[in-house]
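Enquirer: My questions all concern the structure below.
The values are calculated or read from the model by the stated rules, or taken from the named source; none is laboratory data. Note that the structure is predicted; figures quoted are calculated from it, not measured. Please note: Cβ atoms are built from the backbone with ideal geometry, for glycine as well, and neighbour counts cover all protein chains shown.
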Amino acid sequence: MKKLIFPILLVIFLAVGAVGAGGEIYGTIETTRGEVLTGPIRWDANDNFWGDQLNARKTEPIQERDPEDGFRLSLFGWEIINNSSSQGRAYKQFSIPFGHLRSIEPEGSSGAVLELKNGERVHVERSSSDLGRGLELVIEDADRGTVEIPWRRLARVEFAGNQNEGRDGQRLYGTVTSRAGEFTGFIIWDRDESLAEDILDGEEGGRDHEIPFHEIVTIEPAGSGAARVGLKSGEELTLRGTNDVNADNRGVIVVLEGLGNVEVGWRELEKVVFRDPPASPTYGKFDGGRRLSGKVRTPGGQVYEGEITWDMDESNSWESLDGEVDDIEYSILFQYVQSIKPAGSGSAEVRLSDDRSLVLSGSNDVNGENRGIMVTAADGTTTILGWEDVELVEFD
């Protein structure tokens, strides 16, 4: 929804800044019936805060790189190195934090036009339930209360800052202990539940339980089929029977300051301890992002400088570099990436802006299946480098 390897436990703490209140998604929804509703917005059931991401795909196809072929071509200002085009059509996967968006307008049955704060307009199509029919879009209007808006009635969403406390105090937060270490930050359970009012389902001894997360202190897997759940009352339950509490769980996501997201699967999960959350980043903390730029050095010492498109796909600071460390999935926002150094055909060393290093593998973002690193110089000359032609990439 992603590594230098750490020989000791990896502990990442969420740095709490004075971000103030108003971290929940907020704005005005206009419907095709002429209704205008304003208030906090819950997008697709589990996106509530400005740092949560809208997932889609860009409408234009990209060229796939065939690593079996290699040639160098200069034509009309384009220089292509160790790259060739296949006949297949791949589309750019697209994820962006809601805080970077100014507005969303539906486009057809499953597409949308996104306007970013920096003025850029992006046409996207459905790749998940974040767009199109099936989207669960709910707004808390001051006059009408809770209103659910189906996609067919949505005309436009205009986002805005909100100075009210809202749901910041309800956000799930705590420490997730895994086999690879500890991660402290905002938590999304089973890729779904992110608020204290959300429900953990399971059964014990033939009795069904629906437990609000605000009553839960700890959750520990008990094998593949159950979980021990510690409650604030002091009671401990061993629940089973749903993917909230067994190996069918889709993953526990932790949102980390200065990095992005990590996702811990059930097999790697050891324990979750919940505690009171800090305030979430406000709408004003997001600026619409910037174009990736920097220098790419080849093994032969040649340096290409300019705008960078990674894997022929990611070109903005709010996009993600994906990979794994010790079966933990990482999704690192490019705004926090200082440099990337290929480490053979299977991995890459990624240095973050705070000088932490991770060795990532398991994704074409960070191995020899990378479709190419494109550099566009100030004079418009474009160079596409294959994975084996890159020694180091340093971002501005």
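Enquirer: With the condition being closer than 17 Å to Trp266 by Cα, I'd like the strands (runs of 3 or more DSSP E) fully within the stretch 167-240 carrying at least 1 qualifying residues.
Expert: Numbers: elements: 173-178, 181-188, 199-204, 207-212, 216-221, 226-231, 236-240.
It comes to 173-178, 181-188, 199-204, 216-221, 226-231, 236-240.
Enquirer: For residues in the stretch 362-375 being surrounded by fewer than 18 Cβ atoms within 10 Å (Cβ to Cβ) and not acidic (Asp, Glu), which is farthest from the chain's Cα centre (by Cα)? If you could, list the steps in order and put the result at the bottom.
Expert: Residues of the stretch 362-375 surrounded by fewer than 18 Cβ atoms within 10 Å (Cβ to Cβ): 364, 368-369.
With not acidic (Asp, Glu) added as a condition, the list becomes 364, 368.
Values: Asn364: 17, Gly368: 23 Å.
The qualifying residue farthest from the chain's Cα centre (by Cα) is Gly368.
Enquirer: Condition first: within 15 Å of Pro278 (Cβ to Cβ), surrounded by 22 or more Cβ atoms within 10 Å (Cβ to Cβ) and not aliphatic (A, V, I, L, M). Now tell me which residues in the stretch 184-193 satisfy that.
Expert: First, pick out the residues of the stretch 184-193 that are within 15 Å of Pro278 (Cβ to Cβ): 184-187.
So of that shortlist, the ones also surrounded by 22 or more Cβ atoms within 10 Å (Cβ to Cβ) come out as 185-187.
Of everything in the stretch 184-193, those that are within 15 Å of Pro278 (Cβ to Cβ), surrounded by 22 or more Cβ atoms within 10 Å (Cβ to Cβ) and not aliphatic (A, V, I, L, M) turn out to be Gly185, Phe186.
Enquirer: Determine whether Gly22 is surrounded by 17 or more Cβ atoms within 10 Å (Cβ to Cβ), part of a strand (DSSP E or B), at positive phi and modelled with pLDDT of 50 or more.
Expert: Values: surrounded by 17 or more Cβ atoms within 10 Å (Cβ to Cβ): yes; part of a strand (DSSP E or B): no; at positive phi: yes; modelled with pLDDT of 50 or more: yes.
Judged against the criteria, Gly22 is not a match.
Enquirer: Which one is farthest from Arg291 (Cα to Cα) among residues in the stretch 104-121 that are of a type outside the set (D, E, K, R) and surrounded by 14 or more Cβ atoms within 10 Å (Cβ to Cβ)? Full working, then the answer.
Expert: Step one: of the stretch 104-121, the residues of a type outside the set (D, E, K, R) are 104, 106, 108-114, 116, 118-119.
With the extra rule that they be surrounded by 14 or more Cβ atoms within 10 Å (Cβ to Cβ), the set shrinks to 104, 106, 110-114, 116.
On the way: Ile104: 21, Pro106: 25, Ser110: 27, Gly111: 24, Ala112: 22, Val113: 19, Leu114: 17, Leu116: 13 Å.
Only one residue fits best here, namely Ser110.
Enquirer: Count, please, the residues in the stretch 243-261 that happen to be out of contact with any helix residue (DSSP H, G or I) (no Cβ under 9 Å at 6 or more places or on another chain) and surrounded by fewer than 18 Cβ atoms within 10 Å (Cβ to Cβ).
Expert: So the count comes out to 4.
Enquirer: OK, next. I'm trying to understand the selection: among the residues of the stretch 206-228, which are within 13 Å of Asn249 (Cβ to Cβ) and touching an Asp or Glu at 6+ places or on another chain (Cβ under 8 Å)? Full working, then the answer.
Expert: The first filter runs over the stretch 206-228 and keeps only residues within 13 Å of Asn249 (Cβ to Cβ), leaving 219-227.
Result: Glu220, Pro221, Ala227.
Enquirer: So, one more: For the stretch 175-195, does any single residue satisfy the condition of being at pLDDT 90 or above and within 23 Å of Leu37 (Cβ to Cβ)?
Expert: Yes: one or more hits.
Enquirer: Pick out, from the stretch 281-327, the strands (runs of 3 or more DSSP E) lying fully within it that include 3 or more residues that are surrounded by fewer than 19 Cβ atoms within 10 Å (Cβ to Cβ) and of a type outside the set (Lys, Arg).
Expert: Numbers: elements: 293-297, 303-309, 320-325.
Qualifying strands (runs of 3 or more DSSP E): 303-309.
Enquirer: If you don't mind, there's one more thing I want to ask. For the stretch 124-148, how many residues meet the condition of being buried (at least 19 other Cβ atoms within 10 Å of the Cβ) and charged (D, E, K, R)? Walk me through how you get there before you give the answer.
Expert: Let us first name the residues in the stretch 124-148 that are buried (at least 19 other Cβ atoms within 10 Å of the Cβ), namely 124, 126, 130-132, 135, 137, 139.
Pick out the ones that are also charged (D, E, K, R) and you get 126, 130.
Residues flagged as buried (at least 19 other Cβ atoms within 10 Å of the Cβ) and charged (D, E, K, R) within the stretch 124-148 amount to 2.
Enquirer: A further question on this structure: Checking Arg267 against (1) surrounded by 13 or more Cβ atoms within 10 Å (Cβ to Cβ); (2) farther than 19 Å from Glu24 by Cα, which test does it fail?
Expert: Every condition holds for Arg267 apart from (1).
Enquirer: Looking for something in contact with a Lys or Arg (Cβ under 7 Å, 6 or more places away or on another chain) and modelled with pLDDT of 95 or more - is there at least one such residue anywhere in the stretch 265-275? Please lay out each step first, then the result.
Expert: From the stretch 265-275, those in contact with a Lys or Arg (Cβ under 7 Å, 6 or more places away or on another chain) are 268, 270; that's our starting set.
So of that shortlist, the ones also modelled with pLDDT of 95 or more come out as 268, 270.
Yes - at least one qualifying residue is present in the stretch 265-275.
Enquirer: While we're on this one: Looking for whichever is at pLDDT below 50 and assigned to a strand (DSSP E or B) here; the options are Glu68, Glu105, Glu79. Which one fits? Before you say what the answer is, go through the steps one by one.
Expert: Numbers: Glu68 fails: assigned to a strand (DSSP E or B); Glu105 fails: at pLDDT below 50.
Only one candidate passes the filter, namely Glu79.
Enquirer: Inside the stretch 328-340, can you point out the residues that are under 19 Å from the mean Cα position of the chain (by Cα) and either among the polar types (S, T, N, Q) or not in a strand (DSSP E or B) (or both)?
Expert: Those that are under 19 Å from the mean Cα position of the chain (by Cα) and either among the polar types (S, T, N, Q) or not in a strand (DSSP E or B) (or both): Ser331, Phe334, Gln335, Tyr336, Gln338.
Enquirer: List the residue pairs whose Cβ atoms are under 7 Å apart, where the first residue sits in the stretch 232-258 and is assigned by TED's automatic domain parsing to the domain that holds Asp198, the second is aromatic (Phe, Trp, Tyr), and the two are 6 or more positions apart or on different chains.
Expert: That search, which allows pairs on different chains as well, returns Ala247/Trp266; Asn249/Trp266; Val252/Trp189; Val254/Phe183; Val255/Phe186; Leu256/Phe183; Gly258/Tyr336.
Enquirer: Return yes or no: is Ala247 of a type in the set (A, V, I, L, M) and touching a strand residue (DSSP E or B) at 6+ places or on another chain (Cβ under 7 Å)?
Expert: On the way: of a type in the set (A, V, I, L, M): yes; touching a strand residue (DSSP E or B) at 6+ places or on another chain (Cβ under 7 Å): no.
Answer is no for this residue.
Enquirer: Any residue in the stretch 149-170 that is loosely packed, with under 13 Cβ neighbours inside 10 Å, in the same structural domain as Gly99 (by TED's automatic domain parsing) and of a type in the set (Val, Ile, Thr)?
Expert: The answer is no, given that none of the residues of the stretch 149-170 is loosely packed, with under 13 Cβ neighbours inside 10 Å, in the same structural domain as Gly99 (by TED's automatic domain parsing) and of a type in the set (Val, Ile, Thr).
Enquirer: Can you pull out every residue in the stretch 272-292 that is within 18 Å of Leu256 (Cα to Cα) and basic (Lys, Arg)?
Expert: Residues of the stretch 272-292 within 18 Å of Leu256 (Cα to Cα): 272-283, 285-286.
Arg275, Lys285, listed by residue number.
Enquirer: Could you please let me know if Val350 is buried (at least 23 other Cβ atoms within 10 Å of the Cβ) and not in a strand (DSSP E or B)? Lay out the reasoning, then the answer.
Expert: Working: buried (at least 23 other Cβ atoms within 10 Å of the Cβ): yes; not in a strand (DSSP E or B): no.
No; evaluated as a whole, the condition is false for this residue.
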